[in-house]
1. Provide a single number: the residues in region 27-61 that are modelled with pLDDT of 90 or more and part of a helix (DSSP H, G or I).
2. Pull out all pairs, ordered by first then second residue, where Cβ-Cβ is under 9 Å, the residues are six or more apart or on different chains, the first lies in region 14-33 and is under 16 Å from residue 70 (Cα atoms), and the second is crowded, with 17+ Cβ neighbours inside 10 Å and at pLDDT below 85.
3. Can you name the residue in region 4-21 that is assigned to a loop (DSSP other than H, G, I, E, B) and exposed (fewer than 12 other Cβ atoms within 10 Å of the Cβ) and, of all such residues, is modelled with the highest pLDDT?
4. Which numbered condition trips up residue 64, out of (1) touching a strand residue (DSSP E or B) at 6+ places or on another chain (Cβ under 9 Å); (2) without any contact (Cβ under 8 Å) to a residue 12 or more places away in the chain; (3) assigned to a loop (DSSP other than H, G, I, E, B)?
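The values are calculated or read from the model by the stated rules, or taken from the named source; none is laboratory data. Values in this document were obtained by computation on a predicted structure and should not be read as measured data. Positions of Cβ are backbone-derived with ideal geometry, glycine not excepted, and every protein chain shown enters the neighbour counts.
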């Protein structure tokens with residue numbers, strides 16, 4: 001199984017569609033890790049972090065760029 005480090009940019013995505021984008025990126029796209037660009041929206045970041053926690057993904061928000069979330073491979 002090939003593991004890729006891809007990027008999902010959520011700029012311009014409506015909050016109501018965030019879960020669909022995340023499901024498509026991680027589950028249908030077979031991505032186990034990657035970068036999610038949330039921008040500075042607190043609500044967008046909250047939606048993303050809640051979804052990641054719900055699905056037991058490991059992640060961190062870099063101190064030098066809080067507009068993105070780095071998702072780690074949770075199958076290690």
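1. Selection size over region 27-61: 13.
2. Pairs that qualify, where the first residue is under 16 Å from residue 70 (Cα atoms) and the partner is crowded, with 17+ Cβ neighbours inside 10 Å and at pLDDT below 85, are 25/31; 26/32.
3. From region 4-21, those assigned to a loop (DSSP other than H, G, I, E, B) are 4, 10-14; that's our starting set.
Pick out the ones that are also exposed (fewer than 12 other Cβ atoms within 10 Å of the Cβ) and you get 4, 11-12, 14.
Working: 4: 48, 11: 92, 12: 92, 14: 95.
So, considering only residues that are assigned to a loop (DSSP other than H, G, I, E, B) and exposed (fewer than 12 other Cβ atoms within 10 Å of the Cβ), the one modelled with the highest pLDDT is 14.
4. Of the numbered conditions (1) touching a strand residue (DSSP E or B) at 6+ places or on another chain (Cβ under 9 Å); (2) without any contact (Cβ under 8 Å) to a residue 12 or more places away in the chain; (3) assigned to a loop (DSSP other than H, G, I, E, B), the odd one out for residue 64 is (1).
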